[in-house]
1. Going by amide H atoms built from the backbone, whose H comes under 5 Å of the H on residue 49, apart from near neighbours?
2. Taking the Cα centre as origin and putting +1 on Lys and Arg beta-carbons and -1 on Asp and Glu beta-carbons, what dipole magnitude results for the stretch 75-211, to the nearest 20 debye?
3. Going toward the positive end of the dipole of the chain, with +1 on Lys and Arg Cβ and -1 on Asp and Glu Cβ, which of 133, 338, 273 do you reach last?
4. If you place +1 on the Cβ of every Lys and Arg and -1 on the Cβ of every Asp and Glu, how big does the dipole about the Cα centre of the chain come out, in debye to the nearest 20?
5. Using a 1.4 Å probe, what is the accessible area per residue for the chain, in Å²?
6. For the stretch 294-311 and the stretch 218-252, what is the separation of their Cα centres, given in Å?
7. Output wanted: per-residue J couplings in Hz (rounded whole) for the stretch 19-24, from phi through Karplus 6.51 cos²θ - 1.76 cosθ + 1.60, θ = phi - 60°, x for Gly and Pro.
8. Per-residue HN-Hα couplings for the stretch 323-332, Karplus 6.51 cos²θ - 1.76 cosθ + 1.60 at θ = phi - 60°, whole Hz, x for Gly and Pro?
Amino acid sequence: MNKSSYKIVISVAALAVLLIGILWMAGTFNSKVAPGLKEPEAVTVGEPVGMAERVQVNVTESVPATIRAQQTTNIASRILARIQRVNVRAGAQVEQGQLLVQLEDADAKARVEQAQSQMSSVSARLKEARSRLNRVSRLFDDGLVAIAEVEAAQADFDDLTAQLERSRQALKEARATQAYTQIRAPIAGRIVDRLAEPGDTVSAGQTVLSLYNPASLRVEAQVREALALDMMIGQKITVDVPSKDRVVDGSIEEMVPAAEPGSRSFLVKVAIANNLDLLPGMYARLIVPVEQEERVIVPVKAVGHIGQLAMVWIKTRTGTERRLVRLGQQNQGHVHVTSGLSGGETLLEVPAAASQ
């Protein structure tokens, strides 16, 4: 076989292999199934379990909210001093008047002692001036001194009296400054944050600790204007705290009478009962009643699920019918049906294949 014939044979063989592969991929060599409809599997439906009922229900709207403390205090130093000791940490419970931070007070004590010495000195001079005034007054009554000496003694006495009063005020100021070296809790509550440590130098007005009152927690939410305009002070509101899986009762205590221009919403503040395990900043929801609507409800046991589809089986004149439904809120063994049923249908027991 010459070289050209060999090439032709190889090409034909390659084409044949390619053709066979195409036919195999197309299913030419597989057995065929005749076209037709597969008989549906029989589903055994149980006995009637209830009716689809139309009832009046309260429709509510969930509004995102935040738990905040009504009494929150940033505790700051009133003088420039170095921190000597901090007695609390974040999360600590404190009582009103409890010593929280001790500042260095050597300078303050020295100023108090200086003011006390100054006051003692002025008091001694005033005592002497009083004695001199009394003596000069008696001599003037006897006609032994001129009126000018009496007036000079009186002026000296008045000046020292004023100096004594200034000394008292200076001592009072020094003692107040010394008291500022002890930072005490203005209210009973819980420490939120500790913003300084021993050895730090703090200036007047610098925050050292943050404190809030756990008994003053409330819920604040931005409520859309169409809903907020129907709310009133004192209205009862249900508050849902998802992280605690808890629902608490509250009442509206304050509504800011001006809308937020960007969101067209009003700030609503709701008072809640003391819940010491709740913390500021936690997420909550206001469950606000909107109106009453007629809804279809069915027993939960009458609803079956196949995958993510919810369905019920109802009894009809001709037999049994499976109907897809869309579910809403579930409450006390019943579930709302938002679409798929009109009410009045007889519901049958869910087949075992769809009971999961």
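1. So residue 49 has HN proximity to 347, 348, 349.
2. On the way: 19 positive and 18 negative charges, 120 e Å.
The dipole magnitude comes to about 580 debye.
3. Comparing the listed Cα positions along the dipole, 338 ranks first.
4. On the way: 40 positive and 39 negative charges, 302 e Å.
Computed about the Cα centre, the dipole is about 1460 debye.
5. So the chain comes to 64 Å² accessible per residue, rounded to a whole number.
6. About 30 Å separates the Cα centre of the stretch 294-311 from the one of the stretch 218-252.
7. Those phi angles translate into 5, 5, x, 5, 5, 5 Hz.
8. 9, 6, 9, 10, 9, x, 6, 9, 7, 6
The values are calculated or read from the model by the stated rules, or taken from the named source; none is laboratory data. What you are looking at is a predicted structure, and each value in this text was computed from that prediction instead of being measured. Reconstructed Cβ throughout: ideal geometry from the backbone, glycine too, with neighbour counts over all protein chains shown. Just so you know, the surface numbers come from the protein's heavy atoms only, side chains and all, with ligands and any DNA or RNA stripped out. Shrake-Rupley method; radii C 1.70, N 1.55, O 1.52, S 1.80 Å.
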